[in-house]
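Each value in this text was obtained by applying a stated rule to the coordinates, not by laboratory testing. In this text, all values refer to a predicted model and were calculated from it rather than measured experimentally. Methodologically, a virtual Cβ is constructed for each residue, glycine included, from the backbone with ideal geometry; neighbour enumeration extends over all protein chains shown.
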Amino acid sequence: MLGINTVIAFSLCYVAFLFFVAFWAERRAKRGNATWLHSPLIYTLSLSIYCTAWTFYGAVGYAARSGLEFVTIYLGPTLMMIGWWWILRKLVRIGRAQRITSIADLVSSRFGKSTSLGVIVTVISVVAATPYIALQLQSVTLSFAVFAQSGGQLWQDADLNATATWVAVGLFVFTVIFGTRNLDANERHHGIVIAIAVEAVVKLIALLAVGVFVVWGIAGGPAEMMQRIDNSQIVLWDQDGGRWISLIFLSGAALLCLPRMFQVLVVENADERHLAIASWAFPTYLFLMSLFVVPIAVVGLDLLPVGSNPDLFVLTVPLQEGKQGLAMLSFLGGFSSATSMVMVATIALATMVSNHIVVPVWLSLRPSQQAVISGDIRHVILLARRLSIAGVLFLGLVYYRLSGGGTALAAIGLVSFSGAVQILPAMLGGVFWRGATRLGAATGLLIGLTVWLWTLFLPSFGDAALIGQTVLDQGPFGMAWARPQALFGIVGLDPLVHGLLWSMLLNTAGFIIVSLVTFPTPLERLQGAQFVNVFEHSAAAPAWTTAAAGAEDLLIMAQRIMGSEQAQAIFEREAVRQGKKGFLPEVTPSFVELLERDLAGSVGAATAHAMVGQLIGGSGVSVEDLIAVADEAAQILEYSSRLEAKSAEQEQTARALREANDKLTALSIQKDAFLSQISHELRTPMTSIRSFSDILRDGEIGLAEQKRYSGIIHDEAIRLTGLLDDLLDLSVLENGQVMLHVKTGNLGQLLERAIGAAGGLGDAFEIRSAPDLGDMRVTTDLDRLVQVFINLIANARKYCDAQTPCLRISCADHGDSYLIDFIDNGSGIAPENQQLIFEKFSRVADGSKAGGAGLGLAICREIMRRLGGDIAYLNGQYGTAFRVTLPKEKPADC
Ligand code: ADP
C-alpha cells in the first residue's frame, strides 16, 4: 500500500527534479546556448498549461456527470488554433513590437497607456483566476486525501485545509524562485517554461497510461470498451445546443484571454513561426488528452461504488485495481497539471498586479522622479512581484476555504473562464478597430465585470453563501428584472449560458457605443494605428528588443528626426557638459527635457513629448516602432521641405519672368521713344534742306541769297550725315559687330591728337594735362580711344558755361589701368541727370544751342566698354567732370 508519506516523498522528489531541470535551463539560457529552449516543441508543450487539473481530473468528472459536453472545452481552443491562428499571430506580433508584458499591458497600451484600463483588466483577471487557482489547490489536496484514505486515514476538513496551505506555500516558493529571479524587460522565464514543458509530457503520459490500462487492462480491448460505453449512462445524456455553442465560444475565447495563456502564447513566444507548428501540434496534444476521458469515466462509474467523486476517477480507478505505480504516475500527472497552471497564472497575474497597481501607487507616493531613472526601482518591482504572487495564491486559498472545496471542478472552471473572456471585446476591438476608444473599452469592461460578478461569480460560492436564495428567486430589493439567473425577465436559460450571453452582449454593446461617441486622444490614435497596422510597422524579428531605452536609442530616434549631424552635436555637447568620455551622455531628466524641446522643433511639442516619454518610459512602444514613426515624420518633413524648395524655385522663376517682362515693356517703350526721337532728329535738318532747296528751285532770289541758302543746305546735309554716322556707329557698337584694331600708343600723344582734332585750344579755353603723360603706354584701339577723348573735349568746349572756360585733363596710374579725368569749370550736371546723359538722345542743356543729338556720350560709353574700361560722371568736382577708366592692355575677352 502506498502511504501518504510515500506520496509526499514522491512529490517532493518530483519537485526537486523540476527544480533541477529549471535551474539547468536557466543556466543554459544565461550562457546564451539555449536555442533548443526556443523550439516549436517546447512552445507547444508550454501551451499545455491550458490543460490544468480541471482537464486532467475534471474532464473525466465532467463526462461522468454530463456526457460528451466536456469535448467543448477541447473544441474551442482547437478551432481557435486551426481556424483563427491569424488572430494569435497578430497578438504575438503586437506583443513583440510593443514589448507587451501581460494582457492588461496590451489593453492599457492600446488605449493610450491608460492606467485605469490596466487596473480594470488586472482586477478582472485576478478575480476570474482566483476560483481557478482554488480549483488547482483543491484537486491536489483531494488527490493527497485519496492516498491518505487508501492508507487507512480519513482526512477531516482541517487536514485538507492544512494540505492546501502547504501546497500553496510550496508553489509560492517555486514560483518566486523561477518567476522573479530576474527582471527581464521581456518577462520571459526559461526555467519555468522548461519545467512546464516537462510537466506537460508527464501529464500526457500519465493520462494515456491510465487510459491504456482502462481500455486494455480492465475492459479487455477497444471493442469491449465500446460495448461498455454503449451500455453506460453517459450516452444517455441530453446535449443542449445552446450550452455547446456557448462552451465552444467560451473555451476558444479563453485561450486568448486567460492571463496564463496570454503569458505562454504571446509573452514567452520566441518566434512567430512557432505558432504555425503549434496550430496543429497543440490540437493534437488536446486530442490525445481527451482520447481516454470517456473510457475512464465509464469504467470508473462501473467499478467504483455509487457516490464516489468522479473528478478523481483518474486516480481512484488504478488504486481500486491495486495498480500502485500507475496511481502514483496519475497522481504526478494531476500534480503537474495543477502546479504548472498555478505557477504561470501567478506569474502572469503578479506581473499585472505589480505593473499596474503596486508600482504606480509606489511611484505616486515618491516625492521625486529621481528614483525612476537611478535604477533602484528594480528592487521595488521584484518585491512587488513576490508580494503579488503571495497575494494571488492567498486569494485562491481564501476562495477554496469559502467555497468549501465541494463544488464540482468543471463548474468552477467555467465560471472562471466566463470572467476572463470579458476582456475579449476590448482586446479584439483594440487590435482590429482603430475607432475603439479608451472610454469605450473601460465601459465595456466594467459592464462585463459587473454582470459577470452578479450572474456567475457570486452565485458560484454555492447555496446562499454570498447571495441569499430570496435574491436568486425574487431579485435584489424585490427587483425581479435583476435576478442573477434571470436578468431582464429571461428565464429558463442555463445559468452559465445566461450569464455569458448577457455579460458579453452588454459588454460588447457598451464598448462599441461609447467608442463611437467619444474621441481618442493623440496618444490613443498613435497606439491604435500601431496596433491595428502592426504588420506594416514591424518586422518579424526573431528576438525581442532590448530593455528600456538608453542614450543610444534616443540618439537613433533624434537622428531620424533632426538629421545625424545636429543630433550628434546635441548629444556630444551634453556628454562634454556631463564630463563623460565619448559622445553618449547619461540620460538625465534635464537632458531629456532639452532633447524634447529640440525635437519639438521638428515634429511639434505633442509628438515629441509622446515619443520621448514612451522611449524613456520603457515598456509599451518599442524602439523600432518609435523609429518607424520618426521615419514617417522625417519623410513628411522632407516632403514638405521639398515642396517648399519647389515653390521657392517657382517663385524665383515667376520673379525672373516678371523682370523679363518689365524689361521687355521698358525696351518697347524705349524703342518707341527712340523711333520718335530719331524721326524728329532726322526731320529737322530734312525740313530745312527741303524748304531751302524749294526756294532755290523757284530761282527768284539773288545770288548772295542763293549762296547763303545752299550753304545752309550743305551744313544741314553734313549734320544729317554726321547724325546717321553716329547712329550707325552706335548700332555697330551695341551689336558687338565692331572691329577693333589694337595697337600700342602713348597716352600723351593720343590726348594731343584729340585736342587737335577737337579744334585745338580756343581763345578763352585752356586744356591742362598732367606733365608726365609721356611714359604712359597703352595697348588698345587707339582710334576709338581718341574718338572718346575728342567727344569729351568737344562737349566741354560746347557746354562749359564759365566766364573763362577751362578744361583740366589729368591722368593717374592705377595698377592695371589708367584713370583719365576731364574736368571743366562749368556749372556741372544735376545729380538726377548724371546717369541720363549717357542714354541715347539725352540732352540736358538746350540742344538747339549747341546742336548735338545726344548720342556722343552714349557712343563713348559703348566704346569704353568694348575696350574693357568705362566712363562715368565724376562727382564732387567744381564743374562738369568725367572719368575714363582704361585698362593698360585691352583684355582679350572684350
Ligand atoms: P550731344 O550730342 O548733345 O553733345 P552728348 O551725349 O555728348 O550729346 O551729351 C549729352 C548732354 O550732356 C549734352 O546735351 C549736355 O547737356 C551734357 N553735357 C555733356 N558734356 C557736358 C559738359 N562738359 N558740360 C555741361 N554739360 C555737358
> According to the Kirkwood expression over distinct Cα-Cα pairs, how big is the hydrodynamic radius of segment 738-887, in Å?
Replying inline: 15.5
> Looking at this model, which pairs from K840/K890; K663/K840; K840/K888 are more than 20 angstrom apart at the alpha-carbon?
Replying inline: K840/K890; K840/K888
> Under 22 Å Cα-Cα from K90, which lysines qualify once same-chain neighbours fewer than 8 residues away are excluded?
Replying inline: K113
>> Please give me, ordered by residue number, the GluC sites (Glu not before Pro) of segment 685-737 that lie in loop per DSSP and have at most 10 other Cβ atoms within 10 Å.
In response: E700
